[in-house]
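Visitor: I am attaching a structure below and will ask some questions about it afterwards.
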Amino acid sequence: MKKKDERDVNAQAEAVFELWRSYQRSPDRCSLTDTRKKLLYARLRSQTGETLCALMRYAFESDTPEARFWRGGNAEQREYLDLENLLRVKTLDDRVERALAWVDGEDPHDPDGPKDDDDDGDEPECDARLDPGFPARVEPPPVYGHSLRRVRGAPAPEAQASPPPPARSEPQPFRGHSLRRPPRS
């Protein structure tokens with residue numbers, strides 16, 4: 001790589017990182033580690049800094065189901081906003097495409113519904129279960145078991161009224177401190 005190209009890649013990587021960092025709850029605690037640099041450099045081989053910045057804005061600002069999922073709008077209420085997840089190789093091209101559509105003011109998701117473009121012959125719902133970033137979320141049906149513990153995905157059990165406490169007998173008179181030794185016999 002030439003010096004000029006290397007400086008350009010460094011500047012793009014720092015710009016993407018700084019934008020991602022600005023969205024963090026504690027931006028001062030985020031640092032551009034060697035691992036993150038390598039990740040950004042690798043992704044900048046196939047994308048531009050501008051498209052990766054568009055992806056960061058899409059992930060943190062858009063109101064699409066996919067972006068809400070990443071921000072914790074999922075069953076586990078878990079966030080998926082780390083650079084490693086957002087810049088995942090398998091989904092990066094599709095995510096960047098949806099981000100650029102969102103930046104252009106278009107609907108990032110096809111109005112005809114999700115397409116099965118991975119050529120494995122299965123339905124799009126199968127892809128939704130494999131990729132948490134897939135736009136069409138298919139919720140599993142509730143599962144009811146015979147166990148007393150709550151099954152994942154099952155609705156919360158209804159609150160049952162607890163029986164009233166037993167009636168108390170007459171109060172006992174004070175018998176002294178419990179630290180006192182009993183008399184020897």
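Values in this text are rule-based calculations from the coordinates and carry no lab data. Predicted model only: the values in this text are computed from it and were never measured. Quick reminder, even Gly has a Cβ in these numbers, built from the backbone with ideal geometry, and neighbours come from all protein chains shown.
Visitor: Listed highest first by mean packing, meaning other Cβ atoms within 10 Å per residue, what order do 94-100, 27-33 come in?
Guide: Put in order of decreasing packing, that is 94-100, 27-33.
Visitor: Considering amide H positions built from the backbone, and no H for Pro or chain starts, which residues 5 or more places from SER62, or on another chain, come under 5 Å of its amide H?
Guide: Amide H neighbours of SER62: none.
Visitor: Same structure, new question: Which whole-number percent is the relative contact order of the range 3-110 (Cα, under 8 Å, 6+ apart)?
Guide: 23
Visitor: Over all directions, what mean area does the Cα convex hull of the range 3-110 project, stated in square nanometres?
Guide: Mean shadow area of the hull around the Cα atoms is 7.3 nm².
Visitor: What are the GluC sites (Glu not before Pro) within the range 23-90 that DSSP puts in a loop, where the Cβ has at most 16 other Cβ atoms within 10 Å?
Guide: For GluC sites (Glu not before Pro) across the range 23-90 that sit outside H, G, I, E and B with at most 16 neighbouring Cβ atoms in 10 Å, the list reads GLU76, GLU79.
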